Amino acid sequence: QVQLVQSGAEVREPGASVRVSCRTSEYTFTNYYMHWVRQAPGQGLEWMGIINPSTIYAQKFQGRVTMTRDTSTSTVYMELSSLRSEDTAVYYCAGENGVNFSFDYWGQGTLVTVSS
Amino acid sequence: DIQMTQSPSSLSASVGDRVTITCRASQSVNSYLNWYQQKPGKAPKLLIYAASNLQSGVPSRFSGSRSGTDFILTISSLQPEDFATYYCQQSYSTPRTFGQGTMVEI
């Protein structure tokens, strides 16, 4: 069974950075495109970007987000800098099927809280 | 960017009802349209891919259809476990964009 396992909740002060990890199997890492999606409290889903292994970021996050991957551990990372209160959200990684282009698998989510 | 507009934003229905949710794309996405179900505190779950294909393990009461740039998710007979928020998403281009969601209350 495919699993995407994310790192735990984080609390940061405004202006700081946060890095969230998403570990999966070698098969999933090789055969799925990895995306990051966030969801602010009570809000909808917001796409942030893809790493495969090249990256495409949503314009909204350009300059603040960096997505990387470690092939030795089948882990992808999302780092968001210059955090502000509006970045408080649950961050999800998702694996996209390269045939149907659907997000077949999702991590459990990581809550990032930005507060002074 | 392709805008996805869902309607309604919320609905109330009874067990056994037929429920339809509509998603309109601002431009052609062909059939690169997916539907997800999200329950409170949980990650989204894929229901329908490529507009009308049922994901493995998803009950057959869920179905999807397409007419041009309009897409419909239908729940043929609503069950108590279907209380959730439903999102459409286009995968035709980046940025991948989601509809704003439809909350289904039982």
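Quick notes on this one:
- Inter-label distance for B:SER76 and A:GLN108, nm, one decimal - labels placed 7 Å from Cα along Cα-to-Cβ: 3.5 nm
- For chain B, the Kirkwood estimate of hydrodynamic radius, built from reciprocal distances between every pair of different alpha carbons, is 13.5 Å.
- With the whole protein complex present, A:ARG19 retains an accessible surface near 130 Å², based on a 1.4 Å probe.
- Equivalent ellipsoid semi-axes - Cα gyration tensor, the stretch A:2-73, angstrom: 22, 15, 13
- Per-residue surface analysis assigns A:GLU13 an accessible area of about 120 Å², computed on protein heavy atoms at 1.4 Å probe radius.
- Available extension along the chain between A:GLN59 and A:TYR27 is 8.5 nm, counting 0.36 nm per residue and deducting the alpha carbon span.
- Convex hull of Cα atoms in the stretch B:45-106, direction-averaged projection (nm²): 4.6 nm²
- For B:SER12, the accessible area of its heavy atoms, probed at 1.4 Å with every protein chain present, is near 90 square angstrom.
- Solvent-free Debye scattering, log10 I(q)/I(0), computed from the Cα coordinates of the protein assembly as shown at q = 0.08, 0.10, 0.16, 0.18 Å⁻¹: -0.28, -0.44, -1.10, -1.33
- For the stretch B:39-106, the set of trypsin sites (Lys or Arg not before Pro) satisfying both a DSSP loop assignment and a count of at most 12 other C-beta atoms within 10 Å is given as B:LYS42.
- Distribution of pairwise C-alpha distances over the stretch A:46-106, 5 Å bins, in %: 4, 15, 26, 27, 18, 9, 2, 0
- Counting only residues at least eight positions apart within a chain, or on another chain, the aspartates and glutamates with an alpha carbon under 19 Å from that of B:LYS45 are A:GLU46, A:GLU96, A:ASP104, B:GLU81, B:ASP82, B:GLU105.
- Ranked by the mean number of other Cβ atoms within 10 Å of their residues, highest first, the peptides A:62-75, B:19-32, A:41-54 fall in the order B:19-32, A:41-54, A:62-75.
The values are calculated or read from the model by the stated rules, or taken from the named source; none is laboratory data. From a predicted model like this one, the values you see are computed outputs, not experimental measurements. Positions of Cβ are generated from backbone atoms using ideal geometry, with glycine treated the same way; all protein chains shown enter the neighbour counts. With ligands, DNA and RNA removed, areas are computed over all heavy atoms of the protein, side chains included. Shrake-Rupley method; radii C 1.70, N 1.55, O 1.52, S 1.80 Å.
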